[in-house]
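Comments concern the structure below.
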């Protein structure tokens, strides 16, 4: 799957996500991101409900976080990072465009705006897999 496909299948996409942890496995070529996702719907009794899940980037080709804005409280305080996801669009940043041009064909590319740091997390990989941490079924079809 791609980041965009997963985003569209989640109840509220990656909007108002919370990043709990990021692990990079250089040997097995994967990036794992533990997230709390806004899963409540307006029609539910608890529309602000969050649910924890894991996003795994397989065969990663790009991972970097821009430096935090020094005027923001960037030192971890035991809280997850508030983030919102978005597609990477060609033509928005010349440096990013030059990186996109050399990524493997059919890479899926995405970015998360890190609200708490006023910076971006960029990711690219061959495939992305998502699962709910509570064992619930994620409709990937």
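Is it the case that some residue within region 126-134 is at positive phi and modelled with pLDDT under 95? No, region 126-134 contains no residue that is at positive phi and modelled with pLDDT under 95.
Looking across 83, 39, 23, 17, one residue alone is surrounded by 14 or more Cβ atoms within 10 Å (Cβ to Cβ), touching a strand residue (DSSP E or B) at 6+ places or on another chain (Cβ under 8 Å) and either without any contact (Cβ under 8 Å) to a residue 40 or more places away in the chain or over 27 Å from residue 106 (Cα atoms) (or both). It is 39. In contact with a helix residue (DSSP H, G or I) (Cβ under 9 Å, 6 or more places away or on another chain) and surrounded by fewer than 16 Cβ atoms within 10 Å (Cβ to Cβ), is that true of residue 8? It is false that residue 8 is in contact with a helix residue (DSSP H, G or I) (Cβ under 9 Å, 6 or more places away or on another chain) and surrounded by fewer than 16 Cβ atoms within 10 Å (Cβ to Cβ).
Would you mind stating whether residue 91 is in contact with a helix residue (DSSP H, G or I) (Cβ under 9 Å, 6 or more places away or on another chain), touching a residue at least 40 places away in the same chain (Cβ under 8 Å), on the phi > 0 side of the Ramachandran plot and part of a loop (DSSP other than H, G, I, E, B)? So residue 91 does not fit the description; no. Among the conditions (1) assigned to a loop (DSSP other than H, G, I, E, B); (2) free of Cβ contacts under 8 Å to residues at least 24 places away in the same chain; (3) surrounded by 10 or more Cβ atoms within 10 Å (Cβ to Cβ), residue 48 misses just one, which is (3). Can you report the number of residues in region 89-110 which are surrounded by 13 or more Cβ atoms within 10 Å (Cβ to Cβ) and farther than 14 Å from residue 61 by Cβ? Going through region 89-110 one residue at a time, the tally reaches 2. Consider residue 33 carefully, then state whether it is free of Cβ contacts under 8 Å to residues at least 40 places away in the same chain, within 23 Å of residue 140 (Cβ to Cβ) and either part of a strand (DSSP E or B) or out of contact with any helix residue (DSSP H, G or I) (no Cβ under 9 Å at 6 or more places or on another chain) (or both). Against the criterion (free of Cβ contacts under 8 Å to residues at least 40 places away in the same chain, within 23 Å of residue 140 (Cβ to Cβ) and either part of a strand (DSSP E or B) or out of contact with any helix residue (DSSP H, G or I) (no Cβ under 9 Å at 6 or more places or on another chain) (or both)), residue 33 qualifies.
Kindly establish whether residue 120 is in contact with a helix residue (DSSP H, G or I) (Cβ under 7 Å, 6 or more places away or on another chain) and part of a strand (DSSP E or B). Explain how you work it out, then say what you get.
Numbers: in contact with a helix residue (DSSP H, G or I) (Cβ under 7 Å, 6 or more places away or on another chain): no; part of a strand (DSSP E or B): yes.
Considered against the rule, which asks whether it is in contact with a helix residue (DSSP H, G or I) (Cβ under 7 Å, 6 or more places away or on another chain) and part of a strand (DSSP E or B), residue 120 comes out as no.
Any idea which of 77, 93 is modelled with pLDDT under 95 and farther than 22 Å from residue 20 by Cα?
Details: 77 fails: farther than 22 Å from residue 20 by Cα.
Within the list 77, 93, the selection yields 93.
For residue 128, are the conditions met, namely being in contact with a helix residue (DSSP H, G or I) (Cβ under 6 Å, 6 or more places away or on another chain) and assigned to a strand (DSSP E or B)?
On the way: in contact with a helix residue (DSSP H, G or I) (Cβ under 6 Å, 6 or more places away or on another chain): yes; assigned to a strand (DSSP E or B): yes.
Yes, satisfied.
The values are calculated or read from the model by the stated rules, or taken from the named source; none is laboratory data. Not measured: the values here are computed from a predicted model. Ideal geometry is used to build each Cβ from the backbone, glycine not excepted, and the neighbour counts take in all protein chains shown.
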